[in-house]
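Worksheet: the structure to be examined is printed underneath.
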Amino acid sequence: MYQRSNGDYMITTEQREKLRGWFAGRLPDDLFEELTEVTLDREEITVIGRIPAPRLTEDAPAAEREAAVTARIQEFRERTRETRMAVARDAEHRFRRKVSWGVVCDGERALFTHVAAPVMTRLRQPEREVLDTLIASGVARSRSDALAWCVRLVQRHTDDWLTELRDSLEHVQRVRAQGPDTDPDADPDSDAEETEEG
């Protein structure tokens with residue numbers, strides 16, 4: 001279901017829905033209040049759920065609230081480690097990707113250990129100058145860090161555009177699947193031979 005080949009990086013909506021469904025069925029009911037997000041790419045599946053906020057008074061100071069949320073997230077991470085590892089083992093075997101975890105608690109989103117995949121690229125001088133400016137200004141520590149910063153910036157400002165692009169790519173994939181070359185075992189010369197004999 002999740003075969004990866006060199007040129008096929010597109011993940012369809014149906015595959016995403018099946019993946020989310022698998023996690024919804026596989027996770028213990030009491031692990032999260034709600035499974036809020038299941039995302040995947042070529043290397044990783046990220047599972048994020050909402051956990052209960054700590055009980056505080058209405059007028060609790062911001063520092064107290066922040067400390068309580070941080071402690072709640074840490075407690076959840078430690079208490080559920082074995083359960084999450086068992087689910088991750090099953091998912092990694094089934095989907096051939098690493099599984100990472102995160103939570104949302106009282107509006108705060110926290111990701112636990114996750115994959116930082118290297119991405120190689122070639123940049124021309126004007127593009128390198130952008131990265132070097134980010135380094136010189138202290139926004140980034142390295143070109144790699146600067147490039148990641150640029151990707152996050154683009155992602156933040158183009159979510160609608162990227163969603164539309166992904167939808168278009170899924171449509172292209174569906175059309176390709178309906179094309180004449182969808183059966184890799186079919187012999188292209190077999191029809192010609194039958195015609196010649198008949």
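The values are calculated or read from the model by the stated rules, or taken from the named source; none is laboratory data. Owing to the predicted nature of the structure, the values given are computational and were not obtained by experimental measurement. Here Cβ is always computed from backbone atoms with ideal geometry, including for glycine, and neighbour counts include all displayed protein chains. These accessible areas exclude ligands, DNA and RNA; they are computed on the full protein's heavy atoms, side chains included. Shrake-Rupley method; radii C 1.70, N 1.55, O 1.52, S 1.80 Å.
When we screen ARG84, ARG109, ARG65, ARG89 for residues that are touching a strand residue (DSSP E or B) at 6+ places or on another chain (Cβ under 8 Å) and part of a helix (DSSP H, G or I), the only hit is ARG84. Residues that are of a type in the set (A, V, I, L, M), exposed (fewer than 10 other Cβ atoms within 10 Å of the Cβ) and outside any loop (DSSP other than H, G, I, E, B) are absent from segment 146-153 altogether. Residue-level check: of (1) in a strand (DSSP E or B); (2) more than 30 Å from GLU170 (Cα to Cα), VAL38 misses just (2).
Does GLY21 satisfy the criteria of being under 23 Å from THR163 (Cα atoms), out of contact with any strand residue (DSSP E or B) (no Cβ under 6 Å at 6 or more places or on another chain), modelled with pLDDT of 95 or more and not charged (D, E, K, R)? For GLY21, the condition - under 23 Å from THR163 (Cα atoms), out of contact with any strand residue (DSSP E or B) (no Cβ under 6 Å at 6 or more places or on another chain), modelled with pLDDT of 95 or more and not charged (D, E, K, R) - is met.
Taking the conditions (1) at positive phi; (2) open to solvent by less than 50 Å² (accessible area, probe 1.4 Å) in turn, GLY107 satisfies each one other than (2). Could you tell me which residue of segment 110-127 is farthest from ILE11 (Cα to Cα), considering only residues that are modelled with pLDDT of 85 or more and open to solvent by less than 70 Å² (accessible area, probe 1.4 Å)? The extreme case among them is LEU123. Residues in segment 44-52: is at least one under 21 Å from GLY107 (Cβ atoms), among the hydroxyl-bearing types (Ser, Thr, Tyr) and in contact with a Phe, Trp or Tyr (Cβ under 9 Å, 6 or more places away or on another chain)? Yes, segment 44-52 contains at least one residue that is under 21 Å from GLY107 (Cβ atoms), among the hydroxyl-bearing types (Ser, Thr, Tyr) and in contact with a Phe, Trp or Tyr (Cβ under 9 Å, 6 or more places away or on another chain).
This table checks each residue for (1) of a type in the set (Gly, Ala, Ser); (2) closer than 30 Å to GLY25 by Cβ; (3) out of contact with any His (no Cβ under 6 Å at 6 or more places or on another chain).
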| position | (1), (2), (3) |
| --- | --- |
| HIS93 | no, yes, yes |
| CYS105 | no, yes, yes |
| GLU129 | no, no, yes |
| GLY138 | yes, no, yes |
| ASP145 | no, no, yes |
| ARG156 | no, no, yes |
| GLU170 | no, yes, yes |
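Residues in segment 89-104 that are among the hydrophobic types (A, V, I, L, M, F, W, C) and either open to solvent by 100 Å² or more (accessible area, probe 1.4 Å) or closer than 16 Å to ASP41 by Cβ (or both): ALA91, PHE95, VAL99, TRP101. Taken as a whole, the structure places ARG26 among residues that are of a type in the set (Lys, Arg), modelled with pLDDT of 95 or more, open to solvent by 70 Å² or more (accessible area, probe 1.4 Å) and under 30 Å from ARG174 (Cα atoms).
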